[in-house]
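*Asks:* Just dropping this structure here.
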Amino acid sequence: MRMRCVSLALLCAACALAPALAQNYPDRPVRIVVGNLAGSGVDSAARVLAQKLSDLWPQQVAIDNRPGANGANAGRIVANSKPDGITLLMVNNTHAINSLFTPNQLYDALTSFDPITLVGQYSFLLVEHPGFPARSLKDLISFAKSRPGEVIYGSPGNGSASRIGMETFIKMAGVNMQRVVDGGPGPAIAKLMSGETHVMLLSYATAQSPLKAGRLRALVVAGPRRSMLLPEVPTSAESGMPGFSVRGWYALLAPAGLPAAIRTKVHDDAVKALRTEAVNKSFNDDNIEVVGGSAEELLAFLKSEIAQYAAQIKAAGIKPE
């Protein structure tokens, strides 16, 4: 009887402590770890969210850039961090892809983290060097078929959504293209602008400066809708390839085991931040659609993305390098 009373008392104490933990959170500065360099698309989105969370919370939220291993360095840091809400992780598509390409990354893409929310998503653009003779998707396919192996596409990395998307396009179009791999979007874009490569899949956030400067040209939006920022650029469906879609996204995660009360507060405040006019404008300026769904929806989304990438990788015959 005494043991039962002690257990009940401990349970009541734990229940009373949980709201207090959330009420006092955060009691020190928070960091969002990003597995990409400053200035990248995911870094920019993380900084916008961090600024708004800093406005909502009594502590500052800082970005900790830990590039390397296609984002896996950042994943390892957060997976091994204390689950107290002080260390969070902003990821993009590579989080799902790494689980298929890097079996020794020392963490699990799903079970090593608590999902918080899907931050935003966007459609990739198929862009080309302005001197390349193709003026449409149909032109590109015709050119590639007439000159097998002569069209060169750029890739920021082997396990990138851009590379997997291009290989999917090549298979769907029935063409033969060469690939040049670079260590990140920066070097890949530099080669595309110089004409060393001809085409590439990029996010608008990454491509917007050279697009505005006329150093790149957008052929299609690889998604269901035209971009409000590039209304003259047709979708892949409008260009005769309805099944060609390449989606990018950003998601907020925490180390597995985050106390439920803190997890709820981080989620609710992150969604509140995403719903603000300032964040929406900043995201829309980069052609990113704000999402801000539930943790359960994010978990289901991640499982779906991993399954989809597994199918695409198998169909395209892509191997780890």
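The values are calculated or read from the model by the stated rules, or taken from the named source; none is laboratory data. For clarity, every value in this text was computed on a predicted model and none was experimentally measured. Methodologically, a virtual Cβ is constructed for each residue, glycine included, from the backbone with ideal geometry; neighbour enumeration extends over all protein chains shown.
*Asks:* ALA207: under 23 Å from the mean Cα position of the chain (by Cα) and assigned to a helix (DSSP H, G or I), yes or no?
*Replies:* Values: under 23 Å from the mean Cα position of the chain (by Cα): yes; assigned to a helix (DSSP H, G or I): yes.
Yes, satisfied.
*Asks:* Further, regarding this structure: When you go through VAL220, VAL279 one by one, which is the residue that is assigned to a helix (DSSP H, G or I), touching a residue at least 60 places away in the same chain (Cβ under 8 Å) and β-branched (Val, Ile, Thr)?
*Replies:* Only one candidate qualifies: VAL279.
*Asks:* If you take the residues in the range 127-171 that are among the hydroxyl-bearing types (Ser, Thr, Tyr) and either outside the structural domain of ALA190 (by TED's automatic domain parsing) or out of contact with any strand residue (DSSP E or B) (no Cβ under 7 Å at 6 or more places or on another chain) (or both), which one is farthest from SER40 (Cα to Cα)?
*Replies:* Here is the first cut: in the range 127-171, the ones among the hydroxyl-bearing types (Ser, Thr, Tyr) are 136, 142, 146, 153, 155, 160, 162, 168.
Next, from what is left, pick out any that are either outside the structural domain of ALA190 (by TED's automatic domain parsing) or out of contact with any strand residue (DSSP E or B) (no Cβ under 7 Å at 6 or more places or on another chain) (or both): 142, 146, 160, 168.
On the way: SER142: 33, SER146: 36, SER160: 14, THR168: 24 Å.
Checking each candidate, the answer is SER146.
*Asks:* Right, here's the next one. Can you tell me which residue within the range 65-96, out of those that are in contact with a Ser or Thr (Cβ under 8 Å, 6 or more places away or on another chain) and of a type outside the set (S, T, N, Q), is farthest from PHE113 (Cα to Cα)?
*Replies:* So the first thing to find is which residues in the range 65-96 are in contact with a Ser or Thr (Cβ under 8 Å, 6 or more places away or on another chain), and the list is 69-72, 75, 77-79, 81, 87, 93-94.
Those left that are additionally of a type outside the set (S, T, N, Q): 69, 71-72, 75, 77-79.
On the way: ALA69: 18, GLY71: 15, ALA72: 13, GLY75: 9, ILE77: 11, VAL78: 8, ALA79: 6 Å.
Among residues in the range 65-96 that are in contact with a Ser or Thr (Cβ under 8 Å, 6 or more places away or on another chain) and of a type outside the set (S, T, N, Q), the one farthest from PHE113 (Cα to Cα) is ALA69.
*Asks:* Within the range 44-61, count every residue that is closer than 27 Å to GLY186 by Cβ, without any contact (Cβ under 8 Å) to a residue 40 or more places away in the chain and assigned to a helix (DSSP H, G or I).
*Replies:* So the count comes out to 3.
*Asks:* A follow-up question, please. Residues that are closer than 25 Å to SER99 by Cα: which helices (runs of 4 or more DSSP H) entirely in the range 122-202 hold 1 or more of them?
*Replies:* 161-173, 185-194
*Asks:* Considering ALA109, ALA74, ALA96, which residue is of a type in the set (A, V, I, L, M), crowded, with 19+ Cβ neighbours inside 10 Å and assigned to a loop (DSSP other than H, G, I, E, B)? Working first, answer last.
*Replies:* Working: ALA74 fails: assigned to a loop (DSSP other than H, G, I, E, B); ALA96 fails: assigned to a loop (DSSP other than H, G, I, E, B).
Unique residue meeting the criteria: ALA109.
*Asks:* Mind checking which pairs have a first residue in the range 74-97 that is free of Cβ contacts under 8 Å to residues at least 40 places away in the same chain and closer than 15 Å to LEU110 by Cα and a second that is among the aliphatic types (A, V, I, L, M) and surrounded by fewer than 24 Cβ atoms within 10 Å (Cβ to Cβ), Cβ under 8 Å, 6 or more apart or different chains?
*Replies:* Between residues of the range 74-97 that are free of Cβ contacts under 8 Å to residues at least 40 places away in the same chain and closer than 15 Å to LEU110 by Cα and residues that are among the aliphatic types (A, V, I, L, M) and surrounded by fewer than 24 Cβ atoms within 10 Å (Cβ to Cβ), the close pairs are ARG76/LEU106.
*Asks:* Could I ask something else about it? Among the listed residues PRO130, PRO185, PRO115, which satisfies the condition of being over 21 Å from the mean Cα position of the chain (by Cα) and in contact (Cβ under 8 Å) with a residue 24 or more places away in the chain? Steps first, please.
*Replies:* On the way: PRO185 fails: over 21 Å from the mean Cα position of the chain (by Cα); PRO115 fails: over 21 Å from the mean Cα position of the chain (by Cα).
Residue meeting the stated conditions: PRO130.
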